[in-house]
Amino acid sequence: MAGALEGLKIVELAGIGPGPFAGMMLADHGAEVIRVERPGFVVDSTDVLARSRTRIALDLKDPAAIEALRELVRSADALIEGFRPGVMERLGLGPEVLLKDNPRLVYGRVTGWGQEGRLAKAAGHDINYIALTGALNAFGRTGEKPTPPINMVGDFGGGGMMMAFGLLAGILFARRTGQGQVIDCAMTDGASLQMSMIWGFRNQGIWNDERGTNYLDTGAPYYDTYETADGKYVAIGSIEPQFYAQLLEKTGLAEDPIFAEQNDPATLEARRERLSAVFASKTRQEWCEIMEGTDVCFAPVLDFNEAPNHAQNRERCAFIELDGVCQPAPAPRFSLTPAPAPRAPGR
């Protein structure tokens, strides 16, 4: 088996962030992804997002290169581009041109702000896109400034994964109808969509706009991280009453009266302080021996060196090595069409 997406041909115009991530996901699962780079573009085996592609160099300022790209796209199922609005049109590679060449083409455009609106052509990065959606305001502890969750929410969740989903949905439609179309994938849209559950909680009156005061944003002492005696950390997510009961049993706090009411705001800080003291009394490994694998909802907070070596990750083969470079394995897992072994970026 060559993967669930065997037979798909995708042309990816090299960029940063969401476009390469979408291309990697599609290539991981068997699609032929041809990555078009500018001459002199340097990629080596450390560039995880560039794996499993065929790489070609084209100078899109050269009319011959433009024609070569058009010819490549004539037989493709989809194209991924991440330029600012209007750039592809100025190159003579806009949707009107390429869809005329190939009416079944799914033309994927991933940008920060989208293809229209007053900010459409403005520069930006993940932090700006998630700020505009309200998402960034929710990340951080109470009384502290908003903290960006690196670039997971905008670039990769809201951009790359949305692009991969949009392309595959468009390809299914094109195969059914013979009609291609443009996929306008804005990271602002994707970041907003990822907050759907929180919008639901807010509409139901069970989410506060003040960050760090809700049960999923460190507002609850039973859903937080705690430092251990060796200066490391553990993560606790004991939301459900039965899981909370196990947390108290494993920490020796089951008989402590301030823990009797799980969500009592009057004892919240006292419970947090008591839990902090208890977790600080043992090393992270000692807490792993007590809690790991139980229904406390527990995990050690691992760094990049530790994560690939954890037994759960080893048993799942969650990390792989290509040319000596450690990286996450393809996901999700398919029972009948497992992802082929990724390839390090070639020349």
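The values are calculated or read from the model by the stated rules, or taken from the named source; none is laboratory data. Everything quoted here is computed from the prediction, not taken from an experiment. Cβ coordinates were reconstructed from backbone atoms using ideal geometry, including for glycine residues, and neighbour counts include every protein chain displayed. Just so you know, the surface numbers come from the protein's heavy atoms only, side chains and all, with ligands and any DNA or RNA stripped out. Shrake-Rupley method; radii C 1.70, N 1.55, O 1.52, S 1.80 Å.
From the P(r) of segment 218-274, can you give the percent of Cα pairs sitting at distances over 15 Å?
Here the long-distance tail beyond 15 Å is 47 percent of all Cα pairs in segment 218-274.
Between V182 and residues 5 or more places away or on another chain, which pairs have amide H atoms under 5 Å apart, with H built 1.01 Å from N, and which residues are they?
Result for V182 returns Y107.
Just check segment 1-110 against the gyration tensor rule for me: Cα atoms, a ≥ b ≥ c as the square roots of the eigenvalues, rounded for a/c under 1.5, and otherwise prolate or oblate depending on whether a/b exceeds b/c.
Oblate.
Using the charge dipole of the chain (Lys, Arg: +1 at Cβ; Asp, Glu: -1 at Cβ; taken about the Cα centre), state which of T213, I239, L168 has its Cα farthest towards the positive end.
Final value for the positive-end residue is L168.
Round to a whole number: what % of the accessible area of segment 308-347 belongs to carbon and sulfur, probe 1.4 Å?
55
Whole-Hz Karplus ³J(HN,Hα) for segment 57-72, in order, using 6.51 cos²θ - 1.76 cosθ + 1.60 and θ = phi - 60°, x for Gly and Pro?
Residue by residue, segment 57-72 yields 10, 9, 8, 6, 8, 9, x, 5, 5, 4, 5, 5, 5, 4, 5, 5 Hz.
Which ³J(HN,Hα) values, rounded to whole Hz and listed in residue order, are derived for segment 37-51 from phi using the Karplus coefficients 6.51, -1.76 and 1.60 in 6.51 cos²θ - 1.76 cosθ + 1.60 with θ = phi - 60°, glycine and proline given as x?
10, 6, x, x, 5, 9, 9, 9, 5, 6, 7, 4, 5, 9, 5
So, with +1 on the Cβ of K and R and -1 on the Cβ of D and E, and no other charges, what is the size of the charge dipole of segment 48-193 about its Cα centre, to the nearest 20 debye?
180
Quote the charge dipole size of segment 203-347 about the Cα centre in Debye, to the nearest 20; the model charges only the Cβ of Lys and Arg (+1) and of Asp and Glu (-1).
Computed charge dipole of segment 203-347: roughly 740 debye.
Any idea how far apart R314 and D295 come out in nm if each label point goes 7 Å out from Cα toward Cβ?
Distance between label points: 2.9 nm.
Under a 5 Å amide H to amide H cut-off, with H placed in plane at 1.01 Å, what residues pair with E12 once short-range neighbours are removed?
Answer set, sorted by chain and number: I34, R35, V36, I80.
With a sphere of radius 9 Å drawn around the Cβ of S52, what net charge do the other residues whose Cβ falls strictly inside it have (Lys, Arg +1; Asp, Glu -1)?
Net local charge, S52 excluded: +2.
Across 5 Å bins from the origin, how do the percents of Cα pairs in segment 51-141 run, short distances first?
3, 11, 18, 19, 15, 13, 9, 6, 3, 1, 0
Once the Cα gyration tensor of the chain is found, what semi-axes does its equivalent ellipsoid get, as square roots of 5 times the eigenvalues, in whole Å, sorted largest first?
In descending order the semi-axes read 45, 24, 17 Å.
What per residue convex hull volume, in Å³, do the alpha-carbon atoms of segment 245-347 yield?
164
Percent of Cα-Cα pairs more than 18 Å apart in segment 156-227, please.
59
Using the Cα centre as the reference, give the magnitude of the dipole from point charges on the C-beta atoms of the chain (Lys, Arg: +1; Asp, Glu: -1; all else neutral), rounded to the nearest 20 debye.
Value, rounded to 20: 1320 debye.
Sequence-distant or interchain residues sharing an amide H contact under 5 Å with A57, placed H: which?
HN-HN under 5 Å from A57: E37.
Which value, in Å³ per residue, describes the convex hull spanned by the Cα atoms of segment 142-275?
175
Starting at the first residue of segment 18-24, write each ³J(HN,Hα) from the Karplus equation 6.51 cos²θ - 1.76 cosθ + 1.60 with θ = phi - 60°, in whole Hz, x for Gly and Pro.
Along segment 18-24, the couplings run x, x, x, 5, 4, x, 5 Hz.
Any idea what diffusion coefficient segment 99-163 gets from Stokes-Einstein, in µm²/s, Kirkwood Rh on alpha carbon pairs, 4 °C, 1.567 mPa s?
95
Scale the Cα Rg of segment 75-117 by the rule-of-thumb value 2.2 N^0.38 Å and send over the ratio, two decimals.
Relative to the rule-of-thumb radius for its length, segment 75-117 sits at 1.13.
Considering only protein heavy atoms and a 1.4 Å probe, what is the carbon-and-sulfur percentage of the accessible area of segment 1-109?
Here carbon and sulfur together make up 55 percent of the probe-accessible area.
Take the alpha-carbon positions of segment 41-91, form their convex hull, and give its projected area averaged over all directions (one quarter of the hull surface) in nm².
4.6
Suppose we keep just the DSSP beta bridges with both residues in the chain; what percent of those would be antiparallel, to 5?
35
What share of Cα pairs, in percent, lie more than 12 angstrom apart in segment 202-242?
That tail contains 64 percent of the Cα-Cα pairs.
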